[in-house]
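Presented below is the structure to which this report refers.
The values are calculated or read from the model by the stated rules, or taken from the named source; none is laboratory data. Fair warning: this is a prediction, and the values are worked out from it, not measured in the lab. Every residue, glycine among them, receives a Cβ derived from its backbone with ideal geometry; neighbour counts consider all protein chains shown.
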Amino acid sequence: MNDHASIFVGTLVPSGHPLWPDSATASRGGLDDAVPPGGIPAQAFWSVSLYAVDKDGQFLAANPINRYQISSRTPGLVVNADGSVDIWLQAQRPMDAQAANWLPTPADGRHFTLFARAYEPTGSVLTGTFKMPPVELLP
C-alpha cells in the first residue's frame, strides 16, 4: 500500500456485468456506488472518479454539469445518517437530494470505470483490509 494515495478500481456490478448505462439500467433508475460510513479512510480526502472506456483507453466523459468526481470535498455532499455516502451513477439528472451526489455516466452509453482514491490513506486502507462496497443496480 502507498501512504500517499491508494486506488480501488471498479468495472463490474455484483452480477459480473460491466458498468454500462444501458437502457435497462436507465429504466430501473441507475446505479448506486456507496462509500461506507466514515468514508474511505484517508487523512487528506477521498474521491470516486468516473472514466468512460473506449478503444484508446479511459477518459473523463463530458457531461452537462462538468462533474468528474464525487469526493469528501464536494460542495453540498449529502451524507446519510450512518455516515455513508450514496453516489448516483446515471446519465440523466436524478431527483431532489440525489442530484447533490450525482456523478453523470456517459450519455452515449459507453462502458465506464470507477476509480476510488484515498489521499494520505489511513487505517484499513494501509493494512489492506478496506473493501469498497459493490456498485448496486437500483430498482
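Applying the selection to the range 74-106, what residues are within 16 Å of the chain's Cα centre (by Cα) and of a type in the set (A, V, I, L, M)? If the condition is that a residue be within 16 Å of the chain's Cα centre (by Cα) and of a type in the set (A, V, I, L, M), then 77, 78, 79, 85, 87, 89, 91, 99, 100, 103 are the ones that fit. Looking across the range 87-104 at every residue that is among the hydrophobic types (A, V, I, L, M, F, W, C) and touching a helix residue (DSSP H, G or I) at 6+ places or on another chain (Cβ under 8 Å), the one that is surrounded by the fewest Cβ atoms within 10 Å (Cβ to Cβ) is identified as 91. Among the conditions (1) in contact with a Lys or Arg (Cβ under 9 Å, 6 or more places away or on another chain); (2) in a strand (DSSP E or B); (3) within 11 Å of residue 102 (Cα to Cα), the only one that residue 47 does not satisfy is (3).
Mind listing just one residue for me: the one in the range 47-72 that is among the hydroxyl-bearing types (Ser, Thr, Tyr) and touching a Ser or Thr at 6+ places or on another chain (Cβ under 8 Å) and, of those, nearest to residue 109 (Cα to Cα)? The qualifying residue nearest to residue 109 (Cα to Cα) is 51. Within the range 83-112, residues that are over 16 Å from residue 59 (Cα atoms) and acidic (Asp, Glu) have Cβ atoms under 7 Å from residues that are at pLDDT 85 or above and exposed (fewer than 14 other Cβ atoms within 10 Å of the Cβ) in these pairs: 86/80, counting only partners at least 6 apart in sequence or on another chain. If we keep just the residues of the range 111-129 that are more than 16 Å from the chain's Cα centre (by Cα) and part of a loop (DSSP other than H, G, I, E, B), which is surrounded by the most Cβ atoms within 10 Å (Cβ to Cβ)? Checking each candidate, the answer is 122. Evaluation of residue 132 against the conditions (1) under 13 Å from the mean Cα position of the chain (by Cα); (2) part of a strand (DSSP E or B) shows that the sole unmet condition is (2).
Looking only at the range 52-86, residues that are assigned to a loop (DSSP other than H, G, I, E, B) and either surrounded by 15 or more Cβ atoms within 10 Å (Cβ to Cβ) or of a type outside the set (Asp, Glu) (or both) come to 22 in all.
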